[in-house]
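Can you read through this structure? Questions will come right after.
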Amino acid sequence: MAEIRLPRYLVTHMYAADPRAHVFEGKIYVYPSHDIDAGIPENDYGDHFAMVDYHVLSLEDVTGEVTDHGVALRLEDVPWAAKQLWSNDVAYKNGTYYMYFPAKDHDGVFRIGVATSSSPAGPFTPRPEPMKRAFSIDPAVFEDDD
């Protein structure tokens, strides 16, 4: 009979959701959203998902140890954002890593922002304004090579 293996948890030290995984520089990088218990009652607007920062995790391979590189981007560092850093995605082009992330602006509208880094582990520096005409959540990045 084949051995049954239990799943291996990447994250046990914080609430994390909506991970995006990429291979950069020969490592697996995982970009989850990071939730906190803010004591906000659950409602249909998702206000109880009080994400205030992003961490970056990495592994040398799927069986390797997970490294938490710490906070890669904080809500308080995004001038236009008021709350809720939901699911992000990261892309690489010409020596720069781009993190695309949603957050509610000061009018309570979800916008998409962009932050950059020279390292896939961050830290990421946000642009001072969100993308124009980008009102949504959970961005996904696709690079078309043709």
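For segment 1-101, with only Lys/Arg (+1) and Asp/Glu (-1) charged at the beta-carbon, what is the dipole magnitude about the Cα centre, in debye rounded to 20?
Approximately 280 debye in magnitude.
Here's a follow-up. Sort 97-103, 49-55 by packing, meaning the average of other beta carbons within 10 Å per residue, with the highest value first.
Packing proxy ranking, top to bottom: 97-103, 49-55.
Please compute the modelled spin-label separation between Asp145 and Glu42, points set 7 Å along Cα→Cβ, answer in nm with one decimal.
That separation, rounded to one decimal, is 4.3 nm.
Here's another thing I want to ask about it. Give me a comma-separated list of calculated 3J(HN,Hα) values for segment 110-126, in order, Karplus coefficients 6.51, -1.76, 1.60 applied at θ = phi - 60°, integers in Hz, x for any Gly or Pro.
Using θ = phi - 60°, the values come out as 5, 10, 9, x, 10, 10, 10, 8, 8, 10, x, 8, x, x, 9, 9, x Hz.
A further question follows. Karplus couplings for segment 20-36 from phi (6.51 cos²θ - 1.76 cosθ + 1.60, θ = phi - 60°), rounded to Hz, Gly and Pro as x?
Once rounded to whole Hz, the list reads 10, 10, 9, 9, 10, 6, x, 10, 8, 10, 10, 10, x, 7, 10, 9, 10.
Right, next: Quick one: which residues, 5 or more positions from Phe110 or on another chain, have an amide H under 5 Å from its amide H? H modelled 1.01 Å from N in the peptide plane, none for Pro or chain starts.
Long-range HN contacts for Phe110: Asp105.
Here is a follow-up. Quick one: which residues, 5+ away or cross-chain, put their amide H under 5 Å from the amide H of Phe24? H built at 1.01 Å from N.
Counting only residues 5 or more places away or on other chains, the set is Tyr29.
Enumerate the calculated ³J(HN,Hα) couplings along segment 55-63 in order (Karplus 6.51 cos²θ - 1.76 cosθ + 1.60, θ = phi - 60°), each rounded to whole Hz, writing x wherever the residue is Gly or Pro.
10, 10, 10, 9, 9, 5, 7, 5, 9
If you don't mind, another one. Report the number of Lys pairs in the chain whose alpha-carbons are under 19 Å apart, with separation of 8 or more residues or on distinct chains.
Lysine pairs meeting the criterion: 4.
Per residue, how much accessible surface does segment 16-76 expose to a 1.4 Å probe? Answer in Å², no decimals.
About 56 Å² of surface per residue is accessible.
Let me make sure I get this right: for the chain, a, b and c are the square roots of the gyration tensor eigenvalues over alpha carbons, sorted descending. Under 1.5 in a/c it's rounded, otherwise prolate if a/b > b/c, else oblate. Which is it?
Working: a/c = 1.96, a/b = 1.26, b/c = 1.56.
Cα axes put the chain in the oblate bin.
Taking amide H positions as placed in the peptide plane 1.01 Å from N, state which residues far from Ala50 in sequence (5 or more) or on other chains have amide H under 5 Å from it.
The list, which skips near neighbours in sequence, is Ile36, Ala38.
Moving on to the next point. Would you work out what percent of the accessible area of segment 1-137, with all protein chains in place, is carbon or sulfur (probe 1.4 Å)?
52 percent
Then there's this: Subtract the Cα-Cα distance of Thr116 and Ile137 from 0.36 nm times their separation in residues, and report this length gain in nm to one decimal.
5.7 nm
The values are calculated or read from the model by the stated rules, or taken from the named source; none is laboratory data. Note that the structure is a prediction, hence the values are computed from the model and not measured. All Cβ positions, even for glycine, are placed from backbone atoms using ideal geometry, and neighbour counts span all protein chains on display. We work out accessible area using only protein heavy atoms, side chains counted, and drop any ligands, DNA or RNA first. Shrake-Rupley method; radii C 1.70, N 1.55, O 1.52, S 1.80 Å.
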